[in-house]
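Worksheet: one structure, shown below.
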Amino acid sequence: MPRRQKDLVLLQSIFRPTSSSCSRQSSSREFSVLSRPPPNYPGHVPLTFIERSALAVGSAVTSLLNPRRADMIAALGEATAQPFFITKLRNRMLASPTGRRILRDRPRITSKTMSLEHLRKLPENSVGRTYAAWLDREGVSPDTRDWVRYIDNEEEAYVMQRYRECHDFYHALTGLPIFVEGEIGLKAFEFANTGLPMTALSLVAIVKLKPQERQRMFNTYLPWAFSNGLGSVDLINIYWEEELETDVNDLRARLGIEPPPDLRETRQKLREAQKRASKDKTT
C-alpha cells in the first residue's frame, strides 16, 4: 500500500461512519463514536470534536514534514474550517448574486467539464488559455483535487470543493508556481482573501525555506499576498467558467490583483548569477 494511503488509513481508522445511508440533515449535534449519525452526502464522514481535533493535528504535522502531501493539506483544510470559517465563506457567496448562482448551479472544474484542448485554442491572453498554459507548464491536472469528506453541512462541503478546484485558477492569475515557495505565497494570498485557517497554517512551512528564499518571501511575496488578497474581490464568487474568454489583464484589473514578480524567472536569474560568481572565483 502506498505511503499516503497508509497515512490516511491511520488517521481515518477511527473515523468511519457506522451507517452507509445518506441523510440531508445536519451532523452538527454532539454524538459519540458509538452513536455516529449517517452521512449527509455521499462520501461524508461525520466526526466528533475529538476526532476532528486529532485529524487537524495529525494532518498539520504531516503537511509540515512533507508540504507536497496534498491529501493531508486537504484534510487539514476541512478539519479546521468548521464550525465558523466555512460558514462565513458560504455567507459571502450568498451575499453575492454571482455567488448565489454558483451555489445554485454547482459547477465543477475537471478535465471533463472544462476541455483543456479547447482552452489551448482560445486567444493568446485569455483567461482560459492562461489557465491551460499554466497547467501545462507546471505539469498538473484539474483532476487531482481530493473530494471533500469532513465538512458536515452539504452546501458548505460544496463551497470547500469549489475553493479547492479554483485553486489552480488563482495560480494562473498570479503566475505563482507549484513548488513550496510559490505555494506559500499563494496560501498567504488565499488566507487574506478567504480567511480559511488552513491557508494561514500552511505559512508555517516558511521555516523549511532556505535563508535566501525566506528573505525573498518576507520582503516581496508576503507583502504582495496580503495587500492583493485583502484588496481584491472575493475570488470564491468568480464564475470562472464564464470568464474563460476574458482578457486576463482585464480580469486582474477588475478583481484588483497585481501579479507578483515572476518567481521562476527570479530564481533562474539568481542561479545564473551564482554560476557566474562561482566561475569568476575559479578563473
Mind checking which lysines have their C-alpha under 29 Å from Lys112, skipping anything on the same chain fewer than 8 residues away?
Lys121, Lys187
I need the peptides 151-162, 58-69, 202-213 ranked by packing, meaning the mean over residues of other C-beta atoms within 10 angstrom, with the highest value on top.
151-162, 58-69, 202-213
Over the C-alpha atoms of the chain, what are the Rg and the largest Cα-to-Cα span, Dmax, in Å?
20.3, 75
Using only Cα atoms, what is the ratio of the radius of gyration of segment 102-233 to 2.2 N^0.38 Å?
1.12
Net charge near Leu201, counting Lys/Arg +1 and Asp/Glu -1 over other residues with Cβ under 12 Å of its Cβ?
0
Could you tell me the ratio Rg/Rh of segment 157-233? Both radii from Cα atoms, Rh via Kirkwood.
0.96
Residue-averaged [θ]222 nm for the chain, counting only DSSP H segments that reach four residues, each worth -39500 (n - 2.57)
-17000 deg cm²/dmol
Per residue, how many Å² of accessible area does the chain show with a 1.4 Å probe?
51 Å²
Have a look at segment 147-192 and give its Rg and Dmax from the Cα atoms, expressed in angstrom.
12.2, 33
How high is the relative contact order of segment 39-172, given as a whole-number percent (alpha carbon pairs under 8 Å, six or more residues apart)?
32 percent
Between Lys281 and Thr113, the FRET efficiency computed from the C-beta separation at R0 = 51 Å comes out, to the nearest 0.05, as 0.40
In straight Cα distance, which lysines are under 23 Å from Lys279, not counting same-chain residues fewer than 8 positions off?
Lys210, Lys269
For Thr266 and Val57, compute 0.36 nm times the residue count separating them, minus their Cα-Cα distance, and round to one decimal in nm.
71.8 nm
Excluding ligands, DNA and RNA, the carbon-plus-sulfur percentage of the accessible area of the chain with a 1.4 Å probe reads 56 percent
Order by protection proxy (mean Cβ within 10 Å, highest first), peptides 41-52, 111-122
41-52, 111-122
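The values are calculated or read from the model by the stated rules, or taken from the named source; none is laboratory data. It should be emphasised that the depicted structure is a prediction, and the values quoted were computed from it without experimental measurement. FYI the Cβ positions are ideal-geometry reconstructions off the backbone, even for glycines, and counts take in every protein chain you see. The protein model used for the area step is the full one, side chains on, heavy atoms only, and it has no ligands, DNA or RNA in it. Shrake-Rupley method; radii C 1.70, N 1.55, O 1.52, S 1.80 Å.
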